[in-house]
Amino acid sequence: MTPGHVAYGLRAQYGLSIAPETVVAWERGTARPDARELTALAGVLWCSPEDLLAAVTTLREYRVGRGLSPDDLARRVGLDPRSYARMEETGQWSGNDRQTSALARALGLGPRELVSATGRDAELAELLRDAVTTRWQAHVRPAAKLVPLGRDRLEDVLQRLHAGYQARTAATYGWSDQDGGDGEAAGREYLDRVLEHFWALAGE
């Protein structure tokens, strides 16, 4: 389909006056369709809105991908629509445990997607850095509040994450300066990518 065909489909099927140039801008990533336009575009292209979102990371993108309005999702989660709208706008989730579980069910989110969609990546990364550089056992409970993994599984992942960091920094205690420098560099690199290591160990 050419951009002109897509624009015609949007107008004929959904009553949207979208210029072919706008369709080209969407394809190139220089402009983004709003929620209504994205849903219509998916209809014209015979796919789901989720298929058109290259890298879904935000609450809004997950919601649109599921074809839910903000009010619909707020009701499913048990939130006032205005409160949910503020969370979606700021990218900072402040729902309680029950609401967070309901959000994951409504949007079909796994643990990794849930942490990302609720804007908790940075918070989790900081907690993990503390866990691998100190006593990991003290960080199980705080991590469990951020990541919906079973306690046994979470303990296993944190223990292995801690061991991985310690193994990389062990060279720091060697006799040569070169070994020490290598260990410190490896440790810094591990901390920089601690979130990736965590999800890899968690199988996400």
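A few points about this structure:
- Pick from region 37-96, criterion assigned to a helix (DSSP H, G or I) and of a type in the set (Val, Ile, Thr), ranking: modelled with the lowest pLDDT: VAL64
- Check on GLY67, closer than 30 Å to TYR8 by Cα, surrounded by fewer than 15 Cβ atoms within 10 Å (Cβ to Cβ) and touching a helix residue (DSSP H, G or I) at 6+ places or on another chain (Cβ under 8 Å): yes
- Of all residues making up region 14-36, the number that are among the hydroxyl-bearing types (Ser, Thr, Tyr), closer than 18 Å to SER69 by Cα and not in a helix (DSSP H, G or I): 0
- Scanning region 156-187 for residues being at pLDDT below 80 and surrounded by 14 or more Cβ atoms within 10 Å (Cβ to Cβ) gives a total of 6.
- Checked against the criterion of being more than 18 Å from ARG66 (Cα to Cα), charged (D, E, K, R) and in contact (Cβ under 8 Å) with a residue 60 or more places away in the chain, the candidates ASP156, ASP121, ASP97, ASP152 yield just one match: ASP121.
- Every condition in (1) free of Cβ contacts under 8 Å to residues at least 40 places away in the same chain; (2) closer than 27 Å to GLY110 by Cα holds for LEU59 except the one numbered (1).
The values are calculated or read from the model by the stated rules, or taken from the named source; none is laboratory data. Please read all numbers here as calculations on a predicted model, not as lab measurements. Virtual Cβ from ideal backbone geometry, glycine too; neighbours counted across all protein chains shown.
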